[in-house]
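Asker: Would you mind keeping the following structure in view while I ask a few things?
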Amino acid sequence: MIKIKKVADLKRNYTISTSKLKIAHWSILGFSTCIMLTIIANIRAPDLIKIPLFILAGFVIYKFHRQLKYFRYHLDYYLIIRESLLYVLYTNRLYTAQKDSTGHEKIIRSATLEYELDRQKGHVLIKALITGDEFSKKVQSLDDVLAGVLELELDEKIIRPSFVEYHFYYKKPERLTLQSHSQKQMINNHSIDLGYGIIYDPVKCPHILVSGGTGSGKSVFITFLILELLKRQSTVYIADPKNSDLGSLSHYFGEKYVATTPNNIARIVRLVVEEMQERYQYMRDNFLYGSNFADHGFKPVWFIFDEMGAFQASGTDKKSREIIAEVMDGIKQIILLGRQ
């Protein structure tokens, strides 16, 4: 298998390109076809025997063409990306050139773009190297240029000390489907598949902040998360001061676990803090170094707070502000100590 240099640099001379690969494909196929047909034509045999040989040769040539096409298809992905990046470097003048003795322009220095391709996930990673030259600042703002030339939407940009990462996806992730079941679905592990290849493990990351614009799917995601938590036999408390979608879950969970008024929200916060403190006491009495709730056989307890900003802004008098202060103090304790 031919190895492609996954680097775009205008100083380099590249042997393989998409056009050369296409010419090589059809040249090899044409030459092979001529050889096979010539051999069959020169065979001293009746036409009745030659006709099946020609048919067999046609089948062999077709299969050979398919193999060459597959080989080209595998390499074309890498070559097209490289040629697109070389185009970006050239058209955006990310190089320095000088004329040689014959008057021809020669590139003496160029910005460097490395790339990686994960065809299984449909992920393209472009790395723009920061080397301290005159191109280092320009390569940090190639968002729109790369998105345009690759015809892909930029998913993420990460600026690191020595390079800038531009992440693109050309495959849409598989949709997570929620299904109704006649019986309770129980899952023993804590990990949750969130899609996009992201696996959430609450043991490693116990707190979640869900944010997004209006209509971006926050409530749908939280509902999905609640279902997954219940499958793992978790206890879920919900605070929804606006009494919207999550507040309506009181019809299923009961008011013990779902609160919409300031007093009830303060009540469930106290319940969660008390449960947390009891667990800490138990774990101190049964000390295991580096242990967590799972090591002691505890099931997760979750406290979900929707629209916390709206709750904090709802204090209109002294009493309501005192309740808000109590709730926020309890939440601070949960944030600091709630890993267990």
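The values are calculated or read from the model by the stated rules, or taken from the named source; none is laboratory data. Since this is a predicted model, take the numbers as computed values, not measurements. With ideal geometry, Cβ positions are generated from the backbone for all residues, glycine too; neighbour counts draw on all protein chains shown.
Listed here are the residues, each with its yes/no results for (1) farther than 27 Å from residue 132 by Cβ; (2) in a helix (DSSP H, G or I); (3) of a type in the set (D, E, K, R).
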residue: 16; (1), (2), (3): yes, no, no
residue: 24; (1), (2), (3): yes, yes, no
residue: 38; (1), (2), (3): yes, yes, no
residue: 44; (1), (2), (3): yes, no, yes
residue: 49; (1), (2), (3): yes, yes, no
residue: 59; (1), (2), (3): yes, yes, no
residue: 71; (1), (2), (3): yes, yes, no
residue: 93; (1), (2), (3): no, no, yes
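Asker: Could you tell me which of the residues 238, 324 is part of a helix (DSSP H, G or I) and surrounded by 15 or more Cβ atoms within 10 Å (Cβ to Cβ)?
Answerer: After ruling out the rest, the residue left standing is 324.
Asker: Provide a single number: the residues in the stretch 67-98 that are closer than 26 Å to residue 121 by Cβ, modelled with pLDDT of 85 or more and among the basic types (Lys, Arg).
Answerer: Of the residues in the stretch 67-98, 1 are closer than 26 Å to residue 121 by Cβ, modelled with pLDDT of 85 or more and among the basic types (Lys, Arg).
Asker: What is the residue count in the stretch 185-235 for residues that are hydrophobic (A, V, I, L, M, F, W, C), in a loop (DSSP other than H, G, I, E, B) and modelled with pLDDT of 85 or more?
Answerer: Residues in the stretch 185-235 being hydrophobic (A, V, I, L, M, F, W, C), in a loop (DSSP other than H, G, I, E, B) and modelled with pLDDT of 85 or more: 3 in total.
Asker: Before we move on, is residue 231 closer than 17 Å to residue 337 by Cα, among the charged types (D, E, K, R) and under 35 Å from the mean Cα position of the chain (by Cα)?
Answerer: Considered against the rule, which asks whether it is closer than 17 Å to residue 337 by Cα, among the charged types (D, E, K, R) and under 35 Å from the mean Cα position of the chain (by Cα), residue 231 comes out as no.
Asker: When you scan the stretch 256-271, how many residues do you find that are in a loop (DSSP other than H, G, I, E, B) and more than 17 Å from residue 323 (Cβ to Cβ)?
Answerer: 2
Asker: Continuing with this model, one more query. At pLDDT 85 or above, assigned to a helix (DSSP H, G or I) and surrounded by 15 or more Cβ atoms within 10 Å (Cβ to Cβ) - does that describe any residue in the stretch 290-313?
Answerer: no
Asker: Moving on. State all residues of the stretch 96-146 that are surrounded by 11 or more Cβ atoms within 10 Å (Cβ to Cβ), basic (Lys, Arg) and assigned to a loop (DSSP other than H, G, I, E, B); if no residue qualifies, say none.
Answerer: 119, 121
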